[in-house]
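Written out below as structure tokens is the structure these notes cover.
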Amino acid sequence: MIKLNSVKWLVILIILVAGCGYSTGSLLPSKYRTINIEPFKNKVSFAQGHSNTYIPLLEVKARDAIANRFLFDGHLRIGDAQTADLVLKGELTGLERQELRVTENQDVQEFRINIIMDLTLWDPVDQKEVWHEPSFAGEATYFVSGPLAKSESAAVVEALDDLARRAVERTLEDW
């Protein structure tokens with residue numbers, strides 16, 4: 001006869017060995033090993049709209065941020081256009097700066113930066129679109145004064161990092 005205490009320890013051991021089923025692996029099909037990130041186009045019209053923010057070469061910075069995030073993640077290698085298993089295409093469609101907090105004197109204390117892109121993941125072998133997101137966005141907020149203050153350029157870097165993180169997650173986890 002097995003003692004109740006032994007059964008309890010056996011159950012605990014089985015649970016520990018079995019784990020909870022959590023995995024840090026990708027759901028990406030095994031046929032996809034490389035990705036090519038095409039140069040992005042800049043379709044932002046800075047002459048119209050309420051945004052008075054212009055950032056030179058933002059489309060290049062967005063592409064670099066996404067490529068660096070794929071390199072950091074390690075599930076897909078960056079490949080050339082002719083041999084890559086997947087191709088990420090994109091257009092920068094919006095750059096918005098919104099006021100979030102305003103003082104009684106109408107001085108802005110906090111802004112939100114949104115970088116908006118039209119992204120498409122393409123499978124060149126099967127000649128099909130894997131996914132398409134017309135309003136893919138990365139965002140960051142920043143204070144202009146006080147102990148939490150940072151520059152707008154630092155917030156843009158954070159928004160690009162957020163955009164890159166979301167693009168890589170969308171690519172790897174939506175299978």
In this structure, is residue 114 touching a residue at least 12 places away in the same chain (Cβ under 8 Å) and among the polar types (S, T, N, Q)? yes
The lone exception for residue 171 - which of (1) in a strand (DSSP E or B); (2) in contact with a Leu (Cβ under 9 Å, 6 or more places away or on another chain) it fails: (1)
Can you find, within the stretch 120-151, the residue that is farthest from the chain's Cα centre (by Cα) among those that are closer than 19 Å to residue 95 by Cα and open to solvent by 50 Å² or more (accessible area, probe 1.4 Å)? 144
Could you list all residues from the stretch 152-163 that are touching a residue at least 60 places away in the same chain (Cβ under 8 Å) and open to solvent by less than 30 Å² (accessible area, probe 1.4 Å)? 156, 160, 163
Do we find that residue 64 is within 27 Å of residue 151 (Cβ to Cβ), of a type in the set (Asp, Glu) and modelled with pLDDT of 95 or more in this structure? yes
When only residues in the stretch 69-119 that are among the polar types (S, T, N, Q) and closer than 23 Å to residue 44 by Cα count, which is least open to solvent (accessible area, probe 1.4 Å)? 114
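The values are calculated or read from the model by the stated rules, or taken from the named source; none is laboratory data. Everything numeric in this text was worked out from a predicted model, so none of it was measured. Every residue, glycine as well, gets a Cβ built from its backbone with ideal geometry; the counts of neighbours run over all protein chains shown. Please note that ligands, DNA and RNA were not included when accessible areas were found on the heavy atoms of the full protein model with its side chains. Shrake-Rupley method; radii C 1.70, N 1.55, O 1.52, S 1.80 Å.
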